[in-house]
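Q: A single structure is presented below for examination.
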Amino acid sequence: MKSEIYDLLSQSSSIVSGEVISNHLGVSRVAVWKHIQQMQAAGFEIESTAKGYILKSIPDTLFSWQFGKRSNKIHAFNEVSSTMEKALAMAKDGCPNFSVVVAEKQTHGRGRLNRAWQSDKGGLYFTVILKPDIPPSEAAKINFAAALELVHTLNELCGIRACLKWPNDVLVENAKLAGILSQMVTEMDMVQFLSVGVGINVNNCPTGIDPPAVSVFQLVGRKTLRAQILSCFLDRFEKRLTSDSLKDIVPDWKQKTITLGRRVKVKTTRNTYEGLAIDIENDGGLILELADGSRQKIIYGDCFHTEG
Ligand code: BTN
């Protein structure tokens with residue numbers, strides 16, 4: 001019910017009468033008032049006048065009821081160990097496609113290649129659970145789609161011009177603004193589910209120096225509502241996944257990357273390769289031209305730009 005009240009108030013720039021809300025929801029005005037009081041207690045500035053209610057300001061909160069038609073699939077927590085862990089348990093329990101776990105804070109936020117992900121309050125930490133009907137070889141396209149739609153979201157909402165570093169780091173002038181970690185469970189050569197975990201430095205001040213990190217706040221000098229970023233990203237990501245445009249994801253992704261044409265060092269679990277990044281294949285693999293002129297394809301690794 002809060003979701004509907006919030007929708008009505010946030011979509012109107014003028015006063016919405018208690019009667020309109022109670023008729024719309026089919027509940028008493030007292031019930032509406034109780035929800036309004038809870039929203040006020042959560043920091044939403046809702047003015048109550050003789051004519052009705054008006055929403056004056058929205059705090060930087062992440063309640064599931066702030067996500068309109070998605071509310072039922074958003075699972076918001078104050079603190080979790082890692083949203084990846086929660087997502088894994090939910091996926092195993094059979095949650096629906098495109099369920100989302102989001103948390104204000106993670107005590108054991110995980111990064112790629114077993115690194116930790118600093119997860120202080122103010123950042124945006126979430127995992128989207130997908131049940132795509134694809135073979136595992138296609139999964140990299142979904143990660144590319146997430147990274148690319150993140151870049152578009154940050155540009156649309158905050159005016160930030162971010163770039164991508166292979167495989168899916170979101171950077172602004174070599175500082176890391178966001179990262180993506182995904183986890184896949186397969187069965188009989190098909191993806192059973194895929195958890196796409198996204199960490200974005202939004203209103204926090206990350207302290208990472210290797211690689212250096214930066215936040216939206218540090219770039220634009222004001223706070224941005226994380227719920228707005230999450231909503232916009234989910235809309236774009238879902239649209240990309242359900243439309244034909246997923247097939248163009250690699251060429252689209254290449255338009256935003258700063259890895260191609262660079263000298264790079266890539267550490268995989270077994271080897272370290274140095275060379276010129278010359279292409280990305282359709283399965284997401286990075287093609288390096290090594291010093292002896294031979295080509296090496298790398299599927300998974302940590303990439304460092306060694307010049308410029
Ligand atoms: C990276 O190393 O660049 C990937 C970082 C991914 C961090 C996000 S935050 C939400 C989700 N939960 C985690 O524990 N990790 C991912």
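Q: Considering (1) outside the structural domain of T153 (by TED's automatic domain parsing); (2) open to solvent by 60 Å² or more (accessible area, probe 1.4 Å), say which one L276 fails and leave the rest.
A: (2)
Q: Please enumerate the residues belonging to region 93-133 that are without any contact (Cβ under 8 Å) to a residue 12 or more places away in the chain and of a type outside the set (A, V, I, L, M).
A: Correct list: D93, G94, N114, R115.
Q: Which one of these is over 19 Å from K176 (Cα atoms) and either at pLDDT below 95 or among the polar types (S, T, N, Q) (or both): D292, D279, D283, D302?
A: D283
Q: So which residues in region 99-112 are open to solvent by 20 Å² or more (accessible area, probe 1.4 Å) and more than 8 Å from the ligand (Cβ to nearest atom), if there are any at all?
A: E104, K105, T107
Q: Within 15 Å of the ligand (Cβ to nearest atom), of a type in the set (A, V, I, L, M) and under 15 Å from the mean Cα position of the chain (by Cα): is that true of A91 in this structure?
A: It is false that A91 is within 15 Å of the ligand (Cβ to nearest atom), of a type in the set (A, V, I, L, M) and under 15 Å from the mean Cα position of the chain (by Cα).
Q: Looking at S245, is it assigned to a helix (DSSP H, G or I), at pLDDT 95 or above and within 21 Å of the chain's Cα centre (by Cα)?
A: Judged against the criteria, S245 is not a match.
Q: Quick one: what pairs do we get from region 239-263, first residue touching a residue at least 24 places away in the same chain (Cβ under 8 Å) and farther than 16 Å from N168 by Cα, second open to solvent by 60 Å² or more (accessible area, probe 1.4 Å) and not in a helix (DSSP H, G or I), C-beta under 6 Å, 6+ apart or different chains?
A: The qualifying pairs are R263/T306; R263/E307.
Q: Can you tell me how many residues within region 51-98 are out of contact with any helix residue (DSSP H, G or I) (no Cβ under 6 Å at 6 or more places or on another chain), aliphatic (A, V, I, L, M) and either within 19 Å of S13 (Cα to Cα) or loosely packed, with under 13 Cβ neighbours inside 10 Å (or both)?
A: Residues meeting the conditions: 3.
Q: Any idea which residue in region 217-242 is nearest to N143 (Cα to Cα), counting only those that are open to solvent by 20 Å² or more (accessible area, probe 1.4 Å) and in a loop (DSSP other than H, G, I, E, B)?
A: L225
Q: Name the residue, out of V250, V196, that is crowded, with 22+ Cβ neighbours inside 10 Å and aliphatic (A, V, I, L, M).
A: Only one candidate passes the filter, namely V196.
Q: Tell me which residues, restricted to region 1-46, are within 18 Å of S57 (Cα to Cα), under 30 Å from the mean Cα position of the chain (by Cα) and part of a loop (DSSP other than H, G, I, E, B).
A: Answer for region 1-46, where residues must be within 18 Å of S57 (Cα to Cα), under 30 Å from the mean Cα position of the chain (by Cα) and part of a loop (DSSP other than H, G, I, E, B): Q11, S12, S13, A42, G43, F44.
Q: Moving to a separate point now. Just to verify a result, which residue in region 115-132, among those that are of a type in the set (G, A, S) and within 12 Å of the ligand (Cβ to nearest atom), is modelled with the highest pLDDT?
A: G123
Q: Among the residues that make up region 168-176, is at least one of them surrounded by 24 or more Cβ atoms within 10 Å (Cβ to Cβ), in contact (Cβ under 8 Å) with a residue 40 or more places away in the chain and farther than 20 Å from A87 by Cβ?
A: Within region 168-176, none of the residues are surrounded by 24 or more Cβ atoms within 10 Å (Cβ to Cβ), in contact (Cβ under 8 Å) with a residue 40 or more places away in the chain and farther than 20 Å from A87 by Cβ.
The values are calculated or read from the model by the stated rules, or taken from the named source; none is laboratory data. Predicted model only: the values in this text are computed from it and were never measured. Every residue, glycine among them, receives a Cβ derived from its backbone with ideal geometry; neighbour counts consider all protein chains shown. For the accessible areas, the whole protein counts, side chains as well, though only heavy atoms, and no ligand, DNA or RNA atoms are used. Shrake-Rupley method; radii C 1.70, N 1.55, O 1.52, S 1.80 Å.
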